[in-house]
Amino acid sequence: MQLEGEKEWEIFEGKIPYAAEFPGFRANEITQEERERQKGKLAMTVKMQPGDMLYVPQGQYHRALASDKSLHLSLGARHYTGVDLINLMVPHLAQVPEFRMRLPHFDDKAEHEQHVKMLAEKLAKVMQDPSVSPTMRKFQRDKAFEQLRAFSLPDRRPVLQIRVLWRGFALERGGDGELAAKPLAGGAPVKVPREVAPLVDWAFARDHFLWADLRSNFPLEAEAALQQKLQTAMALKLMEPV
């Protein structure tokens, strides 16, 4: 976001595939010669003025140029990778006896290679455990919501946050106007009661929402009635409290 002054951004065609904050892939570790070779042709030039916002995909080569005083704010989005999954599993590997064994002497090439091959097989077995994916999903989910903060003053009741499980469903409307949530993984559609349908229809347009958001979007609903409809939607496994 451009805050003060003007700045010209050059966006190039070149892109680092799966760019990440790991050794060898950080921007400050790429030499000027490599950068010039990989950036490719100039794709576009954007002149930013105060209040303008620009999205640059991760790993896309770009350059910012300012001829006078200029100030902008940059925000980056971090995505978890397979490396994060392996790091998460490191404490669990200590439970496998073979990972606590001493490595063979570095001069014993044959034994060393055989030992590494054995560890790779053990690692594959650990990663195939049914608990690994749920563990990583929980880690991602907790991290995604741990920074989410909300304030509700002067009302000091706990702030209710709801996560919408829209990724697992597709909303379908019948000829009679009834709403149903069809599981993408297969199975019978979940019939949404007619009185709950407006709430579900509104909620499925977002990833999560606060109770205050729900109240402001349904101002004519009595609080108790709206709470009951929310409880019904959660009972149908269409959303869950965070």
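The values are calculated or read from the model by the stated rules, or taken from the named source; none is laboratory data. All values reported here derive from a predicted model rather than from experimental measurement. Here the Cβ is made from the backbone with ideal geometry for all residues, glycine too, and neighbour counts use every protein chain on show.
Tyr61 versus (1) part of a helix (DSSP H, G or I); (2) surrounded by 10 or more Cβ atoms within 10 Å (Cβ to Cβ); (3) not acidic (Asp, Glu): which is the lone unmet condition?
Failing condition for Tyr61: (1).
Going by the conditions given, is Thr45 in the same structural domain as Lys7 (by TED's automatic domain parsing), at pLDDT below 90 and of a type in the set (Val, Ile, Thr)? Talk me through it step by step, then tell me what you get.
Details: in the same structural domain as Lys7 (by TED's automatic domain parsing): yes; at pLDDT below 90: no; of a type in the set (Val, Ile, Thr): yes.
It is false that Thr45 is in the same structural domain as Lys7 (by TED's automatic domain parsing), at pLDDT below 90 and of a type in the set (Val, Ile, Thr).
I'd like the residue in the range 190-242 that is among the acidic types (Asp, Glu) and in a helix (DSSP H, G or I) and, out of all such residues, is surrounded by the most Cβ atoms within 10 Å (Cβ to Cβ). Spell out how you get there, then give the answer.
Let us first name the residues in the range 190-242 that are among the acidic types (Asp, Glu), namely 195, 201, 207, 213, 221, 223, 240.
Subset that is in a helix (DSSP H, G or I): 201, 213, 223.
Values: Asp201: 13, Asp213: 16, Glu223: 10.
Filtering first and then ranking leaves Asp213.
Just one of the numbered conditions (1) of a type in the set (Val, Ile, Thr); (2) in the same structural domain as Glu6 (by TED's automatic domain parsing); (3) free of Cβ contacts under 8 Å to residues at least 24 places away in the same chain is not true of Val56; which one?
(3)
Only one of (1) outside any helix (DSSP H, G or I); (2) farther than 15 Å from Glu8 by Cβ; (3) in the same structural domain as Pro17 (by TED's automatic domain parsing) is not met by Glu34, so which one is it?
Failing condition for Glu34: (1).
Please go through the range 64-81 and give me each residue that is surrounded by 14 or more Cβ atoms within 10 Å (Cβ to Cβ), over 26 Å from the mean Cα position of the chain (by Cα) and not in a loop (DSSP other than H, G, I, E, B), ordered by number.
Hit for the range 64-81 is Ala64, nothing else.
Looking at Met44, Met53, Met1 in this structure, which one is of a type in the set (A, V, I, L, M), exposed (fewer than 11 other Cβ atoms within 10 Å of the Cβ) and within 16 Å of Ala77 (Cβ to Cβ)?
Details: Met44 fails: within 16 Å of Ala77 (Cβ to Cβ); Met1 fails: exposed (fewer than 11 other Cβ atoms within 10 Å of the Cβ).
Sole residue among the options that is of a type in the set (A, V, I, L, M), exposed (fewer than 11 other Cβ atoms within 10 Å of the Cβ) and within 16 Å of Ala77 (Cβ to Cβ): Met53.
Okay, residues lined up against (1) at pLDDT below 90; (2) outside any helix (DSSP H, G or I); (3) surrounded by 10 or more Cβ atoms within 10 Å (Cβ to Cβ):
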residue: Ser133; (1), (2), (3): no, no, yes
residue: Lys138; (1), (2), (3): yes, no, yes
residue: Arg141; (1), (2), (3): yes, no, yes
residue: Ser152; (1), (2), (3): yes, yes, yes
residue: Gly186; (1), (2), (3): yes, yes, no
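Evaluate the range 8-21: report whether one residue or more is aliphatic (A, V, I, L, M), surrounded by 12 or more Cβ atoms within 10 Å (Cβ to Cβ), within 30 Å of Ala144 (Cβ to Cβ) and touching a strand residue (DSSP E or B) at 6+ places or on another chain (Cβ under 6 Å). Please lay out each step first, then the result.
Of the residues in the range 8-21, the ones aliphatic (A, V, I, L, M) are 11, 16, 19-20.
From what's left, surrounded by 12 or more Cβ atoms within 10 Å (Cβ to Cβ): 11, 16, 19-20.
Narrowing the set further to residues that are within 30 Å of Ala144 (Cβ to Cβ) leaves 11, 16, 19-20.
Add one more test, that the residue is touching a strand residue (DSSP E or B) at 6+ places or on another chain (Cβ under 6 Å), and what stays is 11.
Checked against the condition, which is being aliphatic (A, V, I, L, M), surrounded by 12 or more Cβ atoms within 10 Å (Cβ to Cβ), within 30 Å of Ala144 (Cβ to Cβ) and touching a strand residue (DSSP E or B) at 6+ places or on another chain (Cβ under 6 Å), the range 8-21 yields at least one hit.
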